[in-house]
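Trainee: Here it is, the structure in full.
The values are calculated or read from the model by the stated rules, or taken from the named source; none is laboratory data. The model shown is predicted, which means the values in this text are computed figures rather than measured ones. When we count neighbours, we look across all protein chains shown, and the Cβ atoms used for this are built from the backbone with ideal geometry, even at glycine. We work out accessible area using only protein heavy atoms, side chains counted, and drop any ligands, DNA or RNA first. Shrake-Rupley method; radii C 1.70, N 1.55, O 1.52, S 1.80 Å.
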Amino acid sequence: MHGSGAADVLEAAYELAREIAVNSPLAVRGTKSVLKANDGHTVHEGLVFAARWNTMHLHSNDLKEAMTAFVERRAPVFTGD
């Protein structure tokens with residue numbers, strides 16, 4: 001970002017939103033949940049929560065799609081489940 005005007009800030013926000021939007025909706029929700037749940041807790045408590053959340057979603061369709069797309073060298077198509 002070269003300038004510091006409102007247009008530059010808005011463009012940076014849109015760019016970040018585009019980067020987030022291409023990810024699995026399940027992963028985005030999970031990241032937000034983990035960050036929110038860890039507020040005010042120890043690192044250990046946060047890691048335990050993150051491990052539990054990840055374990056619950058280990059067999060998600062989005063994870064399978066991410067791995068399949070990687071092996072097939074294509075962009076993934078996420079459904080959020």
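Trainee: Go through segment 32-49 and report how many residues are assigned to a helix (DSSP H, G or I) and open to solvent by 100 Å² or more (accessible area, probe 1.4 Å).
Mentor: Matching residues across segment 32-49 total 6.
Trainee: Now, a different point. Quick one: in segment 61-81, which of the residues that are within 14 Å of the chain's Cα centre (by Cα) and small (Gly, Ala, Ser) is most open to solvent (accessible area, probe 1.4 Å)?
Mentor: This residue is ALA66.
Trainee: Looking only at segment 4-31, which residues are open to solvent by 50 Å² or more (accessible area, probe 1.4 Å), farther than 27 Å from ASP81 by Cβ and in a loop (DSSP other than H, G, I, E, B)?
Mentor: Scanning segment 4-31 gives a single hit, SER4.
Trainee: Quick check: is even one residue across segment 29-41 at pLDDT 90 or above, under 16 Å from the mean Cα position of the chain (by Cα) and among the hydroxyl-bearing types (Ser, Thr, Tyr)?
Mentor: yes
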